[in-house]
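Report on one structure; see the data block that follows.
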Amino acid sequence: MQGAPARPAAPPLPATGARERSGVSVGVATMAGSGLSNQVGAAIGSLAFPVIGPVGVVAVRQYVAAAVLLTVGRPQLRSFTWRQWWPVLLLALVFGTMNLSLYTAVDRVGLGLAVTLEFLGPLAIALAATRRRVDACCALLATAGVVTLMRPQPSTDYLGMGLGLLAAACWASYILLNRTVGSRLPGAQGSAAAAMVSALMFLPVGIVVAVHRPPTPEAAGCAVAAGVLSSAVPYLADLFTLRRVPAPVFGLFMSVNPILAAVVGWVVLGQGLGGPEWAGIAAVVGANALGILTTRPRPT
């Protein structure tokens, strides 16, 4: 999920055998459905932009994410200490900013390019954690992809590109903050609390949008669909997947999301891309895939 809620820690995989292979197959199928749901949700949400704008769609998405995570995480808010609250508050701010910058970028530069730029966030975190030569190659490959995507053209929307990079920075911060929150709060309590705070932050925004840009039933339906398909479905799918699929397989499949976004943007929204844009997306995806495939498992 680009712009997705924090993923829960995966429990130990079952013993090897036919049952494990079956579980992995089901998990991979679930990942495919989750990735497709995420990008289709973003595409459907963008259909409401002309009526309520990206801000209105993001507000509704935050409400849906909060409803899902509060149901699953059941945070014990009264027992939180300040040491637990401050990273939760920062996570809420980053969560909202990430989704707002991504959806605004989608509105300006299209779904495929926006998601590709956002994906640089987790890629940067992964590459910064090691000092291998292959990672330097991955960084160069990703940089070449970004340069290709952002090359100067008469129609280049630099603000949209910048918002995509802001979403990437927010996703990187989201990952780091989730590690802190996860170490201080059990289960999904931290993520649920952050989603709740983010939804409360967007509550006055949603009211203002509703007053000044009253949503049509179709626009409201698209915004709710975006929240369900891009927040609820991916989160619940990840709960299922991470119990059945090894982490490297999960990370490798996640790297395909920019391609899924480009295909969905083309099919659903008619956002066609040229050869250089596809090459740039392939470079970013390839850099991430190469980094994952060459990572040696840590000794247990």
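The values are calculated or read from the model by the stated rules, or taken from the named source; none is laboratory data. These numbers were taken from a predicted model, which means no experiment stands behind them. Cβ atoms come from the backbone with ideal geometry, glycine included; neighbour counts cover every protein chain shown. Heavy atoms of the whole protein, side chains included, go into the accessibility calculation; ligands, DNA and RNA do not. Shrake-Rupley method; radii C 1.70, N 1.55, O 1.52, S 1.80 Å.
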Handout entry: the range 57-191, relative contact order in percent, only Cα pairs under 8 angstrom and at least six apart counted
Key = 43 percent
Handout entry: Farthest toward positive dipole pole in the range 123-231 [+1 Lys/Arg, -1 Asp/Glu at C-beta], among A220, M161, G182
Key = G182
Problem - ³J(HN,Hα) computed for each position of the range 42-50 - Karplus, 6.51 cos²θ - 1.76 cosθ + 1.60, integer Hz, glycine/proline x - result: 5, 5, 5, x, 5, 5, 8, 4, x
Exercise for the section: Place the peptides 101-107, 214-220 in order of packing, highest mean first, counting for every residue the other Cβ atoms within 10 Å and averaging per peptide. Expected result: 101-107, 214-220
Handout entry: Å² per residue, accessible surface of the range 107-188 at 1.4 Å
Key = 48 Å²
Handout entry: Spacing of the two label points (7 Å from each Cα toward its C-beta) at V263 and L293, in nm
Key = 1.8 nm
Fill in the blank from the handout: Sorted by chain and number, the residues with a modelled amide H under 5 Å from that of Q271, at a separation of 5 or more or across chains, are W266
Problem - Listed peptides 159-167, 185-193 by packing density, highest first (mean Cβ within 10 Å) - result: 185-193, 159-167
